[in-house]
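The values are calculated or read from the model by the stated rules, or taken from the named source; none is laboratory data. Note that the structure is a prediction, hence the values are computed from the model and not measured. Note that each Cβ is placed from the backbone with ideal geometry, even for glycine, and that neighbours are counted across all protein chains shown.
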Amino acid sequence: MSSRPGRSSPSRRAALVGLCTAATLVWLAFSNLGVALPTIATELSVNLTDMQWANNALSIACGTLLLAGGRLTDLYGHRQMLLLGLLIFGVAALATAFTPNLAGLVTGRAMMGVGSALILPATLAMIPALFDRAEQPSAFAAWTAATWAGQAVGPAIGGTLTTLLGWRSLFWLTAPVVLVLYLTIRRDAPTAT
């Protein structure tokens, strides 16, 4: 199996794990809040209809900005935009964990969507920089499997965390994961993208 010049297989594998985990984190965020809505509505004294804005804010922001995010990653570098996306996503999640009201929850989720719009195209675009053509199908398959898994287990994780640690844990637990991803990708991902 060939590899990119100057890059060891362990380093490339670590980078791929980082890319897949970053994309999975986005899909977890898409799907993990729905089960927590009744708990949040009770705590914030908001009706469930209004809570749907919080549930949908991330997907609306991400969907609206995804093409622009892809263009920005092409213009300014995939690695740089991925790191920026992770920073926005992580800071927004941490801020949302401490929000006192629905407006803060909606705003925080929307900002997570902005970060997501940079993360998703950048993670996909970086795979060809890490792997030769023969290895790329396996890498893309790993990315796809990871994102589907994130979407599938999101409700179960959301429900479990809400029950055990409260709904705010859906957000504050994101911060250390993002920090580890940021450092991993900064260390192992190629700088020429």
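Out of Leu164, Leu118, Leu105, I need the residue that is over 18 Å from the mean Cα position of the chain (by Cα) and modelled with pLDDT of 95 or more. Which one?
Residue meeting the stated conditions: Leu164.
Here's the yes/no breakdown for (1) part of a helix (DSSP H, G or I); (2) over 13 Å from the mean Cα position of the chain (by Cα); (3) not aliphatic (A, V, I, L, M):
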site: Ala36; (1), (2), (3): yes, yes, no
site: Thr39; (1), (2), (3): yes, yes, yes
site: Asp50; (1), (2), (3): yes, yes, yes
site: Asp74; (1), (2), (3): yes, yes, yes
site: Ala92; (1), (2), (3): yes, no, no
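Taken together, Ala93, Ala103 contain a single residue that is aliphatic (A, V, I, L, M) and touching a helix residue (DSSP H, G or I) at 6+ places or on another chain (Cβ under 9 Å), which is Ala93.
Of all residues in region 133-151, those that are exposed (fewer than 14 other Cβ atoms within 10 Å of the Cβ) have Cβ atoms under 9 Å from Cβ atoms of residues that are modelled with pLDDT under 95 and not in a helix (DSSP H, G or I), 6 or more apart or on another chain, in Ala134/Met1; Ala134/Ser2; Ser138/Phe131. In a residue-by-residue description of region 170-192, the property of being modelled with pLDDT of 95 or more, over 15 Å from the mean Cα position of the chain (by Cα) and loosely packed, with under 14 Cβ neighbours inside 10 Å applies to no position.
Set side by side, the residues Gln151, Gln136 differ, and just one is closer than 28 Å to Arg79 by Cβ and more than 13 Å from the chain's Cα centre (by Cα), which is Gln136. Name every residue in region 170-191 that is under 30 Å from Glu43 (Cα atoms), free of Cβ contacts under 8 Å to residues at least 40 places away in the same chain and in a helix (DSSP H, G or I), in order of residue number. Scanning region 170-191 gives a single hit, Pro176.
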